[in-house]
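The values are calculated or read from the model by the stated rules, or taken from the named source; none is laboratory data. Since the structure is predicted, the reported quantities are computational estimates derived from the model, not experimental observations. Please note: Cβ atoms are built from the backbone with ideal geometry, for glycine as well, and neighbour counts cover all protein chains shown. Areas reflect the complete protein model, heavy atoms only, side chains present, ligands, DNA and RNA absent. Shrake-Rupley method; radii C 1.70, N 1.55, O 1.52, S 1.80 Å.
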Amino acid sequence: MSFVHLHTHTTFSFGDGACRIPEVVARAAGLGMPALAVTDHEGLYGAVRFYQACKAAGIKPIVGVELTVEPAVGPGGRAWEPGADDGPPGDAAAIVADPAAAAALAPDGRIAHLKASATVPPAAARASGAGGYHLVLLAKDYAGWSNLCRIISAAHLEHPGEPPVARLATLAEHGGHLVALSGCRRGEVWSRLLAGDKAGARAAASVFHGIFGRDYFIELQHELLPDSGASLRALDLLAHELRLPTVATGDVHYTVKADAGLHDVLAAEAANQPLPNPLGRKNAELYLKTPSQMRRLFQRYPEAYANAERIAARCNLDLGLGRLLFPAYPLPPGETAFSLLWKHCFEGAAERYRPLTAEVTARLERELKVIEELGFAEYFLAVRDIVEFALGRGIYYSGRGSAGNSIVSYVLRITDADPIEHELLFERFLNPARREMPDVDIDFCSARRDEVIQYIYERFGHDKVAMVATVNTVRAPSAVRIVSRAFGFTPDEINGLSRRVPWGSAAKLGEMLAERPELAGHEFQQPHYHRLVDVAERLSGFPAHLGTHLGGFILSRDPLTDRVPLQWAAKGVAVAQFDKDDVETLGLVKMDILALKMHSAIAEAVRRIETRTGEQVRAW
């Protein structure tokens, strides 16, 4: 029997994981493991990439999360009971749907920016008690994925500006189709056992068993520490007394043992402390161990070892990649999306082209046929709706990009260049040979873009619209500063080491030292700094934190928390935990609603001319 690691932290654990997704997946596949799980802290940030990597490697992807959850046992040993929670609603979609209520959750009426240090705080800051305890959740299928998205979104959206903590009522409401593991020594069961509170540990395990039923497992981890044997025996005994199953996990934080030092540097940066060992870890055993190593570690607990593969067999998530999920557009009675689009296009063509020639009609029919075959009618209706709002309100805008090659875009007034007059090829925009999402970028007057955004929320639903994230990664200069701080260098030393490293380059530090003449004779060439250069080079490219896309919005036909996990961004808007590539991989529609100051300047010039002359100026 092989083994499946069900507790794995990738670089998307932001400061508590050093497993690059391609590397850890390749190692698991190379070791003959049939599956691998990802369980990053507080989110599904790397889940789509992990899913794709596992599929490409021929192993089963298991998607999960390690959440911080409120205590199941309160002061005085009172265990949580369903219906006893009087907190805010667990339905994250309800919070997104009422921005005023969401903003009111923040004391000053603003939403703090959730960078990595706040969105995914270091494990040292999430130890236990009032801050909550760890719990691992794994999706069994797509319904489980949706429940993960709802639980994670609620944890983030209910606590603006604070580290996310999931409520037990939310778990009880959305706990179906999930497997739950009791967690590491920062999980409530193990933490209470370590504190000598066996009654509290029993009560906590009973609460989670009541929520998840037969899908709740007591997690056993052999950390090869002096107290590991006693901990394993205590956990196994508690599971036996409560008739709960156990499962062996490795709590993987780095792919190979040699990367333990790299993980310690990440942890030091996340904890804002220099080395050594800000998390207090005593060894380098949190790497992806082989099945034979895990079998030896858990030879006294064969059932726990076997249950890892049995849980993997329960998890069969299909993200349905390749399908497209367009926003639902309200249709008049008796109309389909395509019939309505056809009417709008020929009405627009009659206005744009006088006379309406056979060439125009043939080109329009050909493009509409492709749009019908690809199933993009709802998309074009949504874009037309947005630009019609701008036209009606006198908001200046312009469509650009490959959409300018389409006569459909032209007659719907999305773009303003005649593709027939300029002999533009429609296939540069949409091609029947490849089913790709249309890319329509629209620049709006920067002074009035917020009106357009507000309309989009109101038209399509606050619970169905969110902004797209960006994943900001560590570049060479940042890597130097991170490693230097971890090594305990003074601020002057850190500035001296990093000031000559070019900021604009994505190249690794070693490549820069070898190729760039301006770095010849740099301090990094000295043997004393070789270790720093090595660690900084391996750190380059790691995800640092989430940002917010300048103008990317997701529009969904269902509540977004059914599809993606959300969290707050700096401007008080909900942002997905995925970047534009992952959003498009999931088949969700992304629209770029951008701002252009030139439109503002033109609008102001037109206003002044009309004020001075008393004549109306037609700007488009």
**Report entry** 11 Å beta-carbon shell around residue 420, net charge (K/R +1, D/E -1)
**Finding:** -2
Report task. Could you rank the peptides 34-42, 191-199 by their average count of other C-beta atoms within 10 Å per residue, with the highest value first? Result -> 34-42, 191-199
Query raised in the report: Using a 1.4 angstrom probe with every protein chain in place, what is the largest-first accessible-area order of 437, 591?
Result: 437, 591
Query raised in the report: On full extension of the chain, what length is gained from residue 303 through residue 612, given 0.36 nm per residue of separation minus the C-alpha to C-alpha distance?
Result: 102.7 nm
Report task. Sort 225-236, 605-616, 265-276 for me by packing, meaning the mean count of neighbouring Cβ atoms within 10 Å per residue, highest on top. Result -> 265-276, 225-236, 605-616
Query raised in the report: To the nearest 0.05, what FRET efficiency results for residue 310 and residue 283 with a Förster distance of 22 Å applied to their C-beta separation?
Result: 0.15
Query raised in the report: What dipole magnitude, in Debye to the nearest 20, does the chain give about its Cα centre under +1 on Lys/Arg Cβ and -1 on Asp/Glu Cβ?
Result: 1060
Report summary line: Violations at 32 Å Cα threshold for listed pairs 343/597; 140/257; 289/580; 289/571 -> 343/597; 289/580; 289/571
Report task. May I ask you to give the solvent-accessible area per residue for the chain, in square angstrom, as obtained with a 1.4 angstrom probe? Result -> 41
Requested in this report: Would you give the gap between the C-alpha center of segment 466-495 and the C-alpha center of segment 177-233, rounded to a whole Å?
Outcome: 36
Query - Accessible carbon and sulfur surface of the chain relative to its total accessible area, %, 1.4 Å - result: 52
Report task. Can you tell me the relative contact order of the chain? Whole percent, Cα pairs under 8 Å, sequence separation 6 or more. Result -> 17
Report task. Can you check what the net charge comes to around residue 2, using other residues whose Cβ is under 12 Å from the Cβ of residue 2 (Lys, Arg +1; Asp, Glu -1)? Result -> +2
Query raised in the report: How high is the FRET efficiency from residue 434 to residue 358, r the C-beta distance, R0 22 Å, rounded to 0.05?
Result: 0.15
Report summary line: Heads up, segment 139-273 by the C-alpha gyration tensor (a ≥ b ≥ c square roots of eigenvalues; a/c under 1.5 rounded, else a/b over b/c prolate, else oblate) looks oblate
Report summary line: Cα pairs beyond 31 Å in the chain, in percent, come to 57
**Report entry** Cα centroid separation - segment 535-562 against segment 304-366, whole Å
**Finding:** 25
**Report entry** DSSP-defined antiparallel bridges as percent of all bridges, the chain, nearest 5
**Finding:** 55
